Amino acid sequence: MKFENRAPAEGINSSNENPLIELAWLLAGSLGVIVVLVIVVSLAAQWIAPRIPYRYEAKLAATLPSFATAPNSDAGRLVQSELQELADRLAARLDMPDGMVVRVGYRDDRTVNAFATIGGQTVFFRGLLTKLENENALAMVMAHELAHLKYRHVSAALGRGVAVGVILSVVSAELGRNAAGGVLGQAGVVTLLSFNREQERAADEAALSALHAEYGHVGGALDLFDVFARLPNQQRDPSVPAVEFLRTHPLTANRIAAIRQWAVDNDAAIDGPRRPLPPGIAALRRQ
């Protein structure tokens, strides 16, 4: 038997297809998979986004402008530091997600509001702080906003743009930033953020638990809703966003009843001593 090393036939590794056509098919297929993924994710965004590990939301938030920026004045920086100190104490009571660092921003603005947003951030407005009479009531607002962060309500409520961004950031931070940037680039969006009533009840219950653990009673929650019940709506500028606590939420009277029922169900004191507001925040009431 004779063996020989024959030369391969000419063009054996050549395709009859144009390589540009093959490349086009490859790109089209990849794009098609991405499009289908985004469509599916968009439809299920509110369910999926809060279930993505928090580290991906944090990675996305790091590429976007921060809402918890430092104030320009010494008085504003003092208020922010006092808010941050309270947030840190309450966060320790709430068992926040792994890796979540809570950051509190302060806005010297007469808007009566506070909100939670992506990346463990919350923002408080001067208008709200001037309405509160003790630290316990402030803690109820703070714990409520932290509970929205704890349960990842923000990722879902900010809509498909941010939810898709959180999910795509698993693949690429740049993809996530581009998907979410258009939504969070509009400063007004976060102040109009609202949650459904089920989410609000969950946030209220978590806040009451933190409030009771911190102060030994939940009287601050009743103080807070008493303040809201006395707000003169007719004096509010219609261009100012509505009080976050009162939008798409259970009626104030129902929430007060729910607080009392929660105290009964959890054998918690409904009333007790109040702590004064921190000095920087208390000074806002005198301005």
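Criterion applied to GLN287, GLN261 was being surrounded by fewer than 17 Cβ atoms within 10 Å (Cβ to Cβ), of a type in the set (S, T, N, Q) and modelled with pLDDT of 90 or more, and the one residue passing it is GLN261.
Among the residues of segment 64-102, those that are within 17 Å of the chain's Cα centre (by Cα), of a type outside the set (A, V, I, L, M) and at pLDDT 95 or above comprise GLN84, ASP88. What do you reckon, is ALA92 surrounded by fewer than 18 Cβ atoms within 10 Å (Cβ to Cβ) and either of a type in the set (A, V, I, L, M, F, W, C) or on the phi < 0 side of the Ramachandran plot (or both)? Yes.
Residue count for segment 186-243 under the criterion of being under 16 Å from the mean Cα position of the chain (by Cα), surrounded by 18 or more Cβ atoms within 10 Å (Cβ to Cβ) and modelled with pLDDT under 75: the result is 4. For segment 212-232, residues that are in a loop (DSSP other than H, G, I, E, B) and β-branched (Val, Ile, Thr) total 1.
The values are calculated or read from the model by the stated rules, or taken from the named source; none is laboratory data. This structure is a prediction, so every number in the text was calculated from the model and none was measured. Glycine gets a Cβ as well: all are built from the backbone with ideal geometry, and neighbour counts include every protein chain shown.
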